[in-house]
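Working notes, beginning with the structure itself.
The values are calculated or read from the model by the stated rules, or taken from the named source; none is laboratory data. Only a predicted model underlies this, so the values are computations on that prediction, with no experimental measurement involved. Cβ: placed from backbone, ideal geometry, glycine included. Neighbour counts: every protein chain shown.
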Amino acid sequence: MTELVEHGHLFIGGEWTEPLGTDTIRVVSPHTEQVIGSVPHASRADVDRAVAVARKAFDEGPWPRLSLDERIAVVTRIKDAIAVRHEELARSISSQNGSPYSWSVLAQALGAMMVYDSAIKVAAAYPYEERRQGALGPILVRREPVGVVAAVIPWNVPQFVAAAKLAPALLAGCPVILKPSPEAPLDSYILAGIAREAGLPEGVLSVLPADREVSEYLVGHPGVDKVSFTGSVAAGRRVMEVASRNLTRVTLELGGKSAAVILPDADPAATVAGIVPAAWMNNGQACVAQTRILAPRSRYEEYADAFAAAAGALVVGDPLDPATQLGPLVAQRQQQRSLDYIRIGQEEGAKVLTGGGRPAGLERGWYVEPTLFGDVDNSMRIAREEIFGPVVCLIPYGDEEEAVRVANDSEFGLSGSVWTAEVEHGVDFARRVRTGTFNVNTFSLDMLGPFGGYKNSGLGREFGPEGLSEYLEHKMIHLPAGA
């Protein structure tokens, strides 16, 4: 049985602080449906406190004025502590959101550590100042920290996304107010303790678990200079609307409906082995999941049988069991959402090739079977709308032009992949797909390159020098001739 974890304080400006409100957030296990923890629900007054101390830290404090090497040393200590405590973090996350423990170790905890490590490498090589010859004389171009950052993170990959925002912001010299999701706030307390022990100065980091209303108050706060948000398209639009009132800079990493395109010359065994974990990753609760699989009509039945067999063989169960490959969805509403889409898909005329309901023997917990639909047309809702559950579409296509057209026929443009015997052919195909990241015969996310979306998948980029630039302002200083 999971031990009950209860926290009575908020982490504001590096100190464990009594909350000003009385509300609490109860954290419920998606496996047992029992309460496994509680944290204070941050109030608007708590947001005001956090913004005030962050504002002071930026305007008067040492953090933006330290040398880059000094900031790197602190962030390195955070990274190293996450590596040491990765199993604790993984267990916390799996208990809250249902991620399979093996996936939480690699992607949630060690993945976060890799984000910090990559950000440190990028920051160390970044050109913060450069001299140029301007049209009227020499100029100096500087990159300076943008200011106080509000980082709003989702429940599906909380440590990984927190790292994607915290690492570049801190290295740039920005104080951060981290707003975890109410479904998954417990691991953020571990992170807060790590940051405190690493030696972040006063005011540089606050952690405020809260619901949507308080989140809106935070992103619309006049003391915030930059908002970095990861979540749904609808929520992203609202964040942009609220932040625009103060002309606050915004980075949005939103949804996806990514296509994995199988070309006729692909190796079936390697292709299925590569796509299955990318399609059903994290129980289907991943914005980059390859949820539309495009197979050539000439080999459609072969791939339908292979994917159905592979998905049907996934081990479903307790997320804390190392053997589990697919755990429960984070909340009952997410379970019902997937079940509703399964019904919609059948009503639209698609065929369930495997799955289609609750797993046998798992009457308790918010489980949905790994489900594969065949005979899917790209105009169907199950092919166009982000389900955010273990429901995947297999779509037949004719020639390669049709494959490109179907891959691009989406309001999203976050990720994707192509599977082929010819890598250069795959690269040429990738150039034709309008999406922010793409893979050829693999599925990965390299933190030294830019990550983000086209179309409704978002604005701005995370990771790499492009991600660091999101937390920097660009200043031009004119110099006299001959300087």
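Filter the stretch 362-403 down to residues that are among the acidic types (Asp, Glu) and within 23 Å of ALA313 (Cβ to Cβ) and give me whichever is surrounded by the fewest Cβ atoms within 10 Å (Cβ to Cβ). The qualifying residue surrounded by the fewest Cβ atoms within 10 Å (Cβ to Cβ) is GLU363. If I ask for residues that are over 12 Å from SER417 (Cβ atoms) and buried (at least 16 other Cβ atoms within 10 Å of the Cβ), which ones from the stretch 288-298 would you list? Within the stretch 288-298, ALA295, PRO296 meet the criteria. The numbered conditions (1) of a type in the set (A, V, I, L, M); (2) out of contact with any helix residue (DSSP H, G or I) (no Cβ under 7 Å at 6 or more places or on another chain); (3) surrounded by fewer than 24 Cβ atoms within 10 Å (Cβ to Cβ) are all true for ALA210 except (3). Listed conditions (1) surrounded by fewer than 21 Cβ atoms within 10 Å (Cβ to Cβ); (2) part of a loop (DSSP other than H, G, I, E, B); (3) under 24 Å from the mean Cα position of the chain (by Cα) are all met by GLU33, apart from (3).
Filtered by the rule that a residue be touching a helix residue (DSSP H, G or I) at 6+ places or on another chain (Cβ under 6 Å), in a loop (DSSP other than H, G, I, E, B) and not hydrophobic (A, V, I, L, M, F, W, C), the stretch 171-192 gives GLY173, PRO175, PRO180.
With respect to ARG364, is the statement that it is closer than 28 Å to GLN332 by Cβ, assigned to a loop (DSSP other than H, G, I, E, B) and out of contact with any His (no Cβ under 9 Å at 6 or more places or on another chain) true? The answer is no for ARG364. Does SER118 count as small (Gly, Ala, Ser), closer than 19 Å to MET281 by Cα and at pLDDT 95 or above? It is false that SER118 is small (Gly, Ala, Ser), closer than 19 Å to MET281 by Cα and at pLDDT 95 or above.
Can you give me the ranges of the strands (runs of 3 or more DSSP E) entirely in the stretch 256-356 with at least 2 residues that are under 14 Å from VAL392 (Cβ atoms) and touching a residue at least 60 places away in the same chain (Cβ under 8 Å)?
Of the strands (runs of 3 or more DSSP E) lying wholly inside the stretch 256-356, those with at least 2 residues that are under 14 Å from VAL392 (Cβ atoms) and touching a residue at least 60 places away in the same chain (Cβ under 8 Å) span 259-262, 292-296.
Output yes when any residue across the stretch 156-170 is within 22 Å of the chain's Cα centre (by Cα), surrounded by 18 or more Cβ atoms within 10 Å (Cβ to Cβ) and assigned to a strand (DSSP E or B), and no when none is. Within the stretch 156-170, not a single residue is within 22 Å of the chain's Cα centre (by Cα), surrounded by 18 or more Cβ atoms within 10 Å (Cβ to Cβ) and assigned to a strand (DSSP E or B). Might you let me know whether the stretch 274-283 holds any residue that is more than 27 Å from PHE429 (Cα to Cα), modelled with pLDDT of 95 or more and in contact with a strand residue (DSSP E or B) (Cβ under 7 Å, 6 or more places away or on another chain)? Yes, the stretch 274-283 contains a residue that is more than 27 Å from PHE429 (Cα to Cα), modelled with pLDDT of 95 or more and in contact with a strand residue (DSSP E or B) (Cβ under 7 Å, 6 or more places away or on another chain). For the stretch 315-373, name all the residues that are more than 30 Å from GLU87 (Cα to Cα) and either of a type in the set (Lys, Arg) or not assigned by TED's automatic domain parsing to the domain that holds ARG384 (or both). ARG337, ARG343, LYS351 - these are the residues of the stretch 315-373 that are more than 30 Å from GLU87 (Cα to Cα) and either of a type in the set (Lys, Arg) or not assigned by TED's automatic domain parsing to the domain that holds ARG384 (or both).
Looking at the stretch 442-469 only, could you name the residues that are assigned to a helix (DSSP H, G or I) and over 14 Å from the mean Cα position of the chain (by Cα)? Don't jump to the end; show me each part of the working.
Going through the stretch 442-469, the residues assigned to a helix (DSSP H, G or I) turn out to be 464-469.
Residues satisfying the conditions are GLY464, PRO465, GLU466, LEU468, SER469.
Conditions tested, residue by residue: (1) within 19 Å of the chain's Cα centre (by Cα); (2) farther than 15 Å from ASN282 by Cβ; (3) in a helix (DSSP H, G or I); (4) not assigned by TED's automatic domain parsing to the domain that holds ASN283.
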| site | (1), (2), (3), (4) |
| --- | --- |
| PRO64 | no, yes, yes, yes |
| ILE72 | no, yes, yes, yes |
| THR76 | no, yes, yes, yes |
| LYS79 | yes, yes, yes, yes |
| ALA83 | no, yes, yes, yes |
| SER92 | yes, yes, yes, yes |
| SER95 | yes, no, yes, yes |
| VAL105 | yes, no, yes, yes |
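Considering each of VAL406, VAL427 in turn, give the residue that is part of a helix (DSSP H, G or I) and surrounded by fewer than 20 Cβ atoms within 10 Å (Cβ to Cβ). Explain how you work it out, then say what you get.
On the way: VAL406 fails: surrounded by fewer than 20 Cβ atoms within 10 Å (Cβ to Cβ).
Answer to the check: VAL427.
If only residues of the stretch 244-271 that are touching a Phe, Trp or Tyr at 6+ places or on another chain (Cβ under 6 Å) and of a type in the set (A, V, I, L, M) are counted, the one that is nearest to TYR300 (Cα to Cα) is ILE262. Please tell me if ALA135 is of a type in the set (Gly, Ala, Ser) and in contact (Cβ under 8 Å) with a residue 40 or more places away in the chain. When the stated conditions are applied, ALA135 does not pass them.
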